[in-house]
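> Please see the structure below; I have some questions.
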Amino acid sequence: MPLAWMIGRWQGNGHGSWPGMGDFEFGQQIDFATNRGPYLHYLSQTWTLDADGQPDEPLTMEGGFWRPAGIGEVEVVLANPEGWAEVWAGTVQGAKIELTTDVVARTTTSELNYTGGRRLYGNVEGDLLWTLDRATTEVDLQPYMWARLTRA
């Protein structure tokens, strides 16, 4: 129940910043779905935007499962095609979810030496707001991506 407000499709544009990449904008679509099991299936897709703000090229995607883990707690298991998988743990307080990585596993060909992160999700005025802070072996934890998405 605490995650039920997330079910559905969310889309819009977001922003990011990273050393060596500078500032950037992206389009995004997030789908939260249920098959009535004790979890939500999650798929996030992002893409670059052309000069008119329209979708251009795929940027990245991630998929996995959001699992309630007790009163006010949630676990999230995600995989990314750039060569890492993550386990997140966090809290749910109404329509606010805070997550921190518990485990990050990277393949030997991973595109980034990603080591951990922090996420925040919230329902604000009916929109899904989220932020992602990340760290690598070269960069300390810092803001990376954020967006405000509307229900499709």
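The values are calculated or read from the model by the stated rules, or taken from the named source; none is laboratory data. Keep in mind it's a predicted model, so treat the numbers as computed, not measured. Cβ: placed from backbone, ideal geometry, glycine included. Neighbour counts: every protein chain shown. Surface areas here come from the heavy atoms of the whole protein model, side chains and all, with no ligands, DNA or RNA. Shrake-Rupley method; radii C 1.70, N 1.55, O 1.52, S 1.80 Å.
> Rank 97, 71 by accessible area, highest first, at a 1.4 Å probe radius?
71, 97
> Leaving ligands, DNA and RNA out of it, report the carbon-plus-sulfur percent of the accessible area of the chain at a 1.4 Å probe.
Its accessible area is 53 percent carbon and sulfur atoms.
> With every protein chain kept in place and ligands, DNA and RNA left out, what is the accessible area per residue of the range 4-56? Probe 1.4 Å, answer in Å².
54 Å²
> How about the range 1-96: which GluC sites (Glu not before Pro) there lie in a loop by DSSP and see at most 16 other Cβ atoms within 10 Å?
Within the range 1-96, the qualifying GluC sites (Glu not before Pro) (loop, at most 16 other Cβ atoms within 10 Å) are 82.
> Near residue 47, within a Cβ-to-Cβ distance under 13 Å, what is the net charge of the other residues, with Lys and Arg +1 and Asp and Glu -1?
With Lys, Arg at +1 and Asp, Glu at -1, the neighbours total -4.
> Please compute the contact order of the range 70-152 in relative form: average sequence separation of alpha-carbon pairs under 8 Å and at least six residues apart, divided by the residue count, as a percent.
Rounded, it is 20 percent for the range 70-152.
> How high is the relative contact order of the chain, in percent, with contacts defined as C-alpha pairs under 8 Å that are six or more residues apart?
Normalised by residue count, the contact order of the chain is 19 percent.
> Tell me the label-point distance for the pair residue 35, residue 61, using the 7 Å Cα-to-Cβ offset, in nm and rounded to one decimal.
For the pair residue 35/residue 61, the computed spacing is 1.8 nm.
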